[in-house]
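Below is one structure, written out as structure tokens, with a few remarks after it.
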Amino acid sequence: EESSAGRRGERERSEEAPAERGPGAAFHMFVLMEDLLDKLKLLSYEEEALRRHNMRPLSRHYFALPTNPGEQFFMFCTLAAWLISKAGHPFEQPQEYDDPNAVISNVLSELRSF
């Protein structure tokens, strides 16, 4: 009986909302975004991806805060296409007004082929 109660307690803790995991959990997304930005800079994303599309560099919290979902989605798709191409798989750059479902489907399909 104790073991089943112990497992239940573990399951309940694992299903807690991010804000209930600890005081720093609310800021975890900001840390992830800064890590992502550091990795993109190591890959020279500013010179190779942004200049080609005449886009501004990302802020430290660009994807962590929902400001302009359409713009953020297009930036995500642009970066995804660039990263896929950088990995050696030719991938056509999505256009800003392409169907979002089709774009995500194409990205996921290409990633599955890796």
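Every number in this text was worked out from the coordinates using simple rules, so none of it is lab data. The structure displayed is predicted, hence computed values, not measured ones. Positions of Cβ are generated from backbone atoms using ideal geometry, with glycine treated the same way; all protein chains shown enter the neighbour counts.
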So, in nm, how far is label Asp99 from label Ala25 when the simple model puts each one 7 Å beyond its Cα toward the Cβ?
3.8 nm
Tell me the trypsin sites (Lys or Arg not before Pro) within the stretch 35-94 that lie in a loop according to DSSP and have at most 16 other beta-carbon atoms within 10 Å.
Arg51, Arg52, Arg60
Relative contact order in percent for the stretch 25-112 (Cα pairs under 8 Å, 6+ apart) equals 23 percent
Under a point spin-label approximation (7 Å from Cα along Cα-to-Cβ), what is the Thr67-Phe114 distance to one decimal in nm?
2.7 nm
